[in-house]
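Here is the structure we will look at, set down as C-alpha cells.
The values are calculated or read from the model by the stated rules, or taken from the named source; none is laboratory data. Only a predicted model underlies this, so the values are computations on that prediction, with no experimental measurement involved. Cβ placement follows ideal geometry from the backbone for every residue including glycine, while neighbour counts extend to all protein chains displayed. Only protein heavy atoms, including side chains, enter the accessible area calculation; ligands, DNA and RNA are left aside. Shrake-Rupley method; radii C 1.70, N 1.55, O 1.52, S 1.80 Å.
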Amino acid sequence: MNLKYLDIKEEVAKAIKKNKPVVALESTIISHGMPYPQNVEVAKKLEETIRDKGAIPATIAIINGIIKVGLSEEELEFMGTDKNISKASRMDIPVIIAKKLNAATTVAGTIIAANLAGIRVFVTGGIGGVHKYAQQTFDVSADLQELAKTNVAVVCAGPKAILDLSLTVEYLETFGVPLIGYQTDELPSFYSRKSGIKVPHKVDTAEEAARIMKTKWDLGLQGGVLITNPIPEEFAMNEEEINSIINKAIQDSEKMGIKGKELTPFLLSRIKELSKGESLKANIALVLNNAKVGAEIAKEFCNLSNF
Ligand code: PSU
Ligand code: MN
C-alpha cells in the first residue's frame, strides 16, 4: 500500500501504534444518511460517546483525493454540509482519489480504509445488504463482499429494514461472515429489535465478541465479523408501522426509477418524511448505542492482543 493516499490523524496513529482502542466511523451516514444539522450533531456525538468509553474515534472520508482516517471538527462540518460529496464504495475509491475529489465512505469503503490504517473495529448504523427483489434487480450492496474479505469487525443495528433480511443472512452465510447477535438470539432489523430471523450465534459480552474476532484472525480466516446490536427498547419503532412505510418508500423509488447508489439515500430520506421524523430519531439512537458497544469491543480486543 502506498501511504501517500492515506492521512491518519496524529492522535489516531499514535493510538494504533500503541495498541490503544480505536473505533472507525463512516461518513456516508453524515453526507447521505441524515439531514443537516442532525448529521453533524450526530457525527460529533458519536466521537464523544466513543471517547467517554475510553477509545479514540476515527471518522473516515476522502477529502481532496486523500483517505482521511480521523477528521477535524471543520472536516466533519464539511462532510455534513458540502453539496459535492459523492459516495465511495470499493468501486469508487480509485476514481475519487485519482481525480482528487471528495467522497463519503460507505460501510465497504470505510472497512477498506480502516484495514489500511490497522483499525479492527468499526461502528455504523446499519449495513447495506441484499435488496428486496434482488432476484430481478441484482442489487446486492458491496458492503457484504467487503465483510467477506477484509478483516474488520462491524457493529451495527442489523441490516437496514429496507433490505431483504433473509437473503442478506443467506449471503453472509455463504461467504462465511460470522453473524453475531449482541445479547440477542434474533436478528435486529435496524428500526426495530425484531425480524423473526434467528442469528446463528449470540454473545453476551464485548469480551466474547473480541475473542471471536481474535480467534478468526489467529486462524488466518480472512474477512470481517458482523455484530448486530438491537436498537434500545425505548426508541424501537413498531414493526408493522415501519414496514408499511418502507414498502411505500420502495414503491415510490420504483415509480421514480431510482436505482444503484442513489437508492439507499433516497429510501432513508423518504422513510424519514413518511414517518414524520420518527425514523431519524430511531436512527440516531441506535447508532449512538452501537458506539458504546463498539468502544467496549475495541477495548477488549486490545486487551486480548496485549497479553
Ligand atoms: N446505514 C444508515 N445510513 C446510511 C447507510 C447505512 O443508517 O446512510 C449507508 C452506509 O454507508 C452503507 C450504505 O454502506 O448506506 C449502503 O449503500 P448501498 O446500498 O448503495 O451499498
Ligand atoms: Mn446497491
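Is it true that L71 is at pLDDT 95 or above and either touching a Gly at 6+ places or on another chain (Cβ under 7 Å) or within 20 Å of K261 (Cα to Cα) (or both)? It is false that L71 is at pLDDT 95 or above and either touching a Gly at 6+ places or on another chain (Cβ under 7 Å) or within 20 Å of K261 (Cα to Cα) (or both).
For I297, are the conditions met, namely being at pLDDT below 95 and open to solvent by less than 50 Å² (accessible area, probe 1.4 Å)? Break it down stepwise before answering.
Working: at pLDDT below 95: no; open to solvent by less than 50 Å² (accessible area, probe 1.4 Å): yes.
It is false that I297 is at pLDDT below 95 and open to solvent by less than 50 Å² (accessible area, probe 1.4 Å).
Within the stretch 279-294, the set of residues being within 30 Å of K20 (Cα to Cα) and either surrounded by fewer than 24 Cβ atoms within 10 Å (Cβ to Cβ) or away from ligand 1 (no atom under 12 Å from the Cβ) (or both) comprises I284, A285, L288, N289, A291, K292, V293, G294.
Of the residues making up the stretch 28-68, those that are in contact with a helix residue (DSSP H, G or I) (Cβ under 8 Å, 6 or more places away or on another chain) and either under 20 Å from N102 (Cα atoms) or modelled with pLDDT under 95 (or both) number 24. Select from the stretch 245-273 the residues that are of a type in the set (S, T, Y) and modelled with pLDDT under 95 and write down the one among them that is farthest from ligand 2 (Cβ to nearest atom). Filtering the stretch 245-273 for residues that are of a type in the set (S, T, Y) and modelled with pLDDT under 95, the one farthest from ligand 2 (Cβ to nearest atom) comes out as S269.
When A55 is tested against (1) open to solvent by 10 Å² or more (accessible area, probe 1.4 Å); (2) over 21 Å from E146 (Cβ atoms), only condition (1) is not met. Looking only at residues in the stretch 88-138 that are of a type in the set (F, W, Y) and within 16 Å of ligand 2 (Cβ to nearest atom), the one that is most open to solvent (accessible area, probe 1.4 Å) is F138. Looking across the stretch 211-268, the residues that are loosely packed, with under 14 Cβ neighbours inside 10 Å, basic (K, R) and assigned to a helix (DSSP H, G or I) come down to K248, K255. Every condition in (1) of a type in the set (G, A, S); (2) more than 16 Å from ligand 2 (Cβ to nearest atom); (3) within 26 Å of L263 (Cβ to Cβ) holds for A55 except the one numbered (3).
Can you name the residue in the stretch 178-210 that is in contact with a strand residue (DSSP E or B) (Cβ under 8 Å, 6 or more places away or on another chain) and polar (S, T, N, Q) and is also surrounded by the fewest Cβ atoms within 10 Å (Cβ to Cβ) among such residues? Checked the stretch 178-210; the qualifying residue surrounded by the fewest Cβ atoms within 10 Å (Cβ to Cβ) is Q183. In this structure, K276 does satisfy being away from ligand 2 (no atom under 16 Å from the Cβ) and open to solvent by 70 Å² or more (accessible area, probe 1.4 Å).
Please pick out the residue among A113, A98 that is closer than 29 Å to M213 by Cα and touching a residue at least 12 places away in the same chain (Cβ under 8 Å). It would help to see each step written out before you state the result.
On the way: A98 fails: closer than 29 Å to M213 by Cα.
One residue alone meets the criteria, A113.
Reported count of residues in the stretch 1-33, each being crowded, with 24+ Cβ neighbours inside 10 Å and assigned to a loop (DSSP other than H, G, I, E, B), is 3.
Residues that are over 21 Å from T215 (Cα atoms) and hydrophobic (A, V, I, L, M, F, W, C) were ranked within the stretch 145-177; the one that is surrounded by the most Cβ atoms within 10 Å (Cβ to Cβ) is A157.
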